[in-house]
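Below you'll find the structure, written out as structure tokens, and then a few comments.
The values are calculated or read from the model by the stated rules, or taken from the named source; none is laboratory data. Since we're looking at a predicted model, the values are computed, not measured. For neighbour counting, all protein chains shown are included, and Cβ atoms are generated from backbone atoms with ideal geometry for every residue, glycine included. Just so you know, the surface numbers come from the protein's heavy atoms only, side chains and all, with ligands and any DNA or RNA stripped out. Shrake-Rupley method; radii C 1.70, N 1.55, O 1.52, S 1.80 Å.
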Amino acid sequence: MSLRVPAFRRPAIRPLPLVLGVLFAAATIAVAAVAVWGGNDRGHRLLEANDAMESQLLRQALLVERTPPGDVASFDRLSHGFDHALSRAVAVTQPGSRERALLRAQSDLVDRWRLAAIRALVAPREDRPRDAAARARLLDRFSQENATLHERAFLAQSASDRTWHRATLFAALGLAALVLAAGGLAALRSWRRYAARVVEDKRLLLEDRRRRAEQEEFGRALQGTRTQREAQRMLKRQLERGLPDSLATVLNSDSDDERLEAVTAVPPDSPLATTLLQAEPEDCLAVRFGQPNHRAPGASPLLACELCGTLDGAVTCVPSLVGGEVIGSVLVETPDPLDEDGRRRVTDAVAHAAPVLASMRNLKLAETRAATDALTGLANRRAAEETLKLMLASADRSVTCCAVALFDLDHFKKVNDVYGHEKGDHLLAAVGDIACKTVRASDFVARFGGEEFLLVLSNTDLDGALVACNKLRLAIANLRVPGISEGATASFGVAMFPGDAVSPEALLRGADRALYAAKSAGRNCVKALRTLDAADGDTVAPELSGDALPHDA
């Protein structure tokens, strides 16, 4: 059994025409370069020799006009330099050429000038001016002939340069034609593939630019939003604009109330309107796992989302993550499942908006905490002073009365000493809660410090203020706190705007003075500043001066 050895096939030498063409073009360029370069070199040598002739002649003229008589040796040396330069110029010109004729004319002029110059050198100084005009005329004619020669040499050099440029251009064009002819077939074959890639890359580039422009517009718009709700509605519009036939719903997770609520509009006939009524954050799988959740139409996953599992179309739900914390999610409904580009669009938009939403959320939470008493949930003293100014300004514009009352718990120090500070805190929280429930929605209650509270009653005269304070006093007296056997009582001091004072500070001092009077009268009662002044026989002044009087607990 014999083995068949495959015949060796020599590959076709396709680059041979290309190589030959390159060599031919190179030879052509070399020949043209030698020819043109030689012409360029002759032109340069002629100009240099002519400049040397003129230089030697000018030096001779200076020698004749300025040197004392008899300096013939220097004159002869310069004459030899001129003759040498003339020989070099004649050597680079063609016989019978116009340049050779100009050089011969210059030589004749110089010979005539030399005769006159030698006579001037050997003549006395006083006789020199006689031939100066003739010598000057000869020099002028030499300069004219020299300028003509320079012009012709320059024109010849320019023509030679143009010939060089044309030869180089023709050689380059010939080389390019050979290269194109040799590689044309291969280039045509690859061009089609390249053109297809270019078209696809251009489409992707335009799509990427458009998406970046939308993202930049979305980012600028987010920076201009003033509230968290406005930013959330803008996120909804951004998603629905980029995904045709889609419906986006932005959900907010409230960790304090354990609620998951929609902060953008939900259609009344949507199943979400029902599932969101009692929804908790963990009901949304995107919030629970902290990663996007996708569901195709009609799919039956092992773990169904309690929030969007009843929706008919395709669902894409992306959590809003900031620093590893889930602050909500965005649910997008589409007729068909989103492709990779659509999912990336949703993820990018949510990731772009999440830091802005988190910042607004944290800012609002910080403002709320800064203005809220942590124990009672009421406004603290700083927020109370700001609210008091606003309510007094509103009462002044509407020309209505406003009552300001300060009340605190009687013998509160005894409660802390007997039952402990924890029970005392429970009592303060219960008083704050019952105060909010007793007064009207238009009234304002705040914890003013320690066991002291501030009550501002809008559009209320003195009789109405006394009725409201007594109603709250009785509610506090009936209050029972687990762990405290005795009931609590409170004392109230009331000042009226504008009858008792017109500034917030004066009203607070007046209410504090009336509160001190209620303490002095046995506690668990309501005292008005106006009745105190009337009982003392004092004149009621709109502004009270001095610091608030101290009172015990």
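Quick notes
- Of all residues in the stretch 287-336, those satisfying the criterion of being open to solvent by 20 Å² or more (accessible area, probe 1.4 Å) and among the small types (Gly, Ala, Ser) are Gly290, Ala296, Gly298, Ala299, Ser300, Ala304, Gly309, Gly313, Gly323, Gly324.
- Some residue of the stretch 358-367 being surrounded by 15 or more Cβ atoms within 10 Å (Cβ to Cβ) and polar (S, T, N, Q): no
- Criterion: over 30 Å from Val445 (Cα atoms), at pLDDT 85 or above and in a strand (DSSP E or B) - qualifying residue of Leu338, Leu331: Leu331
- Every condition in (1) in contact with a Leu (Cβ under 9 Å, 6 or more places away or on another chain); (2) without any contact (Cβ under 8 Å) to a residue 60 or more places away in the chain holds for Phe218 except the one numbered (2).
- Filter result (of a type in the set (A, V, I, L, M, F, W, C), assigned to a helix (DSSP H, G or I) and either touching a residue at least 24 places away in the same chain (Cβ under 8 Å) or closer than 20 Å to Ala495 by Cα (or both)) within the stretch 366-413: Ala383, Ala384, Leu388, Leu390, Met391, Leu392, Ala393, Ala395, Phe412
- Scope the stretch 252-269; condition crowded, with 16+ Cβ neighbours inside 10 Å and in contact (Cβ under 8 Å) with a residue 24 or more places away in the chain; matching residues: Asn252, Ser253, Leu260, Val263, Thr264
- Criterion: within 27 Å of Thr274 (Cβ to Cβ), β-branched (Val, Ile, Thr) and part of a loop (DSSP other than H, G, I, E, B) - qualifying residue of Thr316, Thr310: Thr310
- Residue within the stretch 470-487 that is farther than 10 Å from Ala405 by Cβ, of a type in the set (Asp, Glu), assigned to a strand (DSSP E or B) and open to solvent by 20 Å² or more (accessible area, probe 1.4 Å) present: no
- So Leu243, is it open to solvent by less than 30 Å² (accessible area, probe 1.4 Å), more than 35 Å from the chain's Cα centre (by Cα) and either free of Cβ contacts under 8 Å to residues at least 60 places away in the same chain or farther than 22 Å from Asn362 by Cα (or both): no
- From Ala105, Ala101, Ala195, residue being modelled with pLDDT of 80 or more and touching an Asp or Glu at 6+ places or on another chain (Cβ under 8 Å): Ala105
- Look at the stretch 309-331: where a residue is among the acidic types (Asp, Glu) and a partner is in a loop (DSSP other than H, G, I, E, B), sitting 6+ places away or on another chain with Cβ atoms under 8 Å, you get Asp312/Pro297.
- Annotation note: of Leu455, Leu375, the sole residue that is buried (at least 21 other Cβ atoms within 10 Å of the Cβ) and not acidic (Asp, Glu) is Leu455.
- Residue count, the stretch 501-520 (criterion: open to solvent by 10 Å² or more (accessible area, probe 1.4 Å) and outside any helix (DSSP H, G or I)): 2
- Residues (more than 23 Å from Arg345 (Cα to Cα) and out of contact with any helix residue (DSSP H, G or I) (no Cβ under 8 Å at 6 or more places or on another chain)) located in the stretch 300-321: Ser300, Pro301, Leu302, Ala304
- Residue match in the stretch 440-452 (condition: part of a helix (DSSP H, G or I) and buried (at least 19 other Cβ atoms within 10 Å of the Cβ)): no
- Tabulated pairs, the stretch 135-153, first of a type in the set (A, V, I, L, M, F, W, C), second open to solvent by 50 Å² or more (accessible area, probe 1.4 Å), C-beta under 7 angstrom, 6+ apart or interchain: Leu138/Arg112
- Breaking point among (1) surrounded by 13 or more Cβ atoms within 10 Å (Cβ to Cβ); (2) assigned to a helix (DSSP H, G or I), for Ala273: (1)
- When we screen Arg237, Arg209 for residues that are open to solvent by 50 Å² or more (accessible area, probe 1.4 Å) and closer than 25 Å to Glu325 by Cα, the only hit is Arg237.
- When Thr249 is tested against the conditions (1) touching a residue at least 40 places away in the same chain (Cβ under 8 Å); (2) hydroxyl-bearing (Ser, Thr, Tyr); (3) open to solvent by 40 Å² or more (accessible area, probe 1.4 Å), the lone failure is (3).
- Checked against (1) open to solvent by 20 Å² or more (accessible area, probe 1.4 Å); (2) at pLDDT 90 or above, Pro498 meets all criteria but (2).
- Test: residue in the stretch 414-426 that is more than 20 Å from Ala477 (Cα to Cα), open to solvent by 30 Å² or more (accessible area, probe 1.4 Å) and in contact (Cβ under 8 Å) with a residue 12 or more places away in the chain: no
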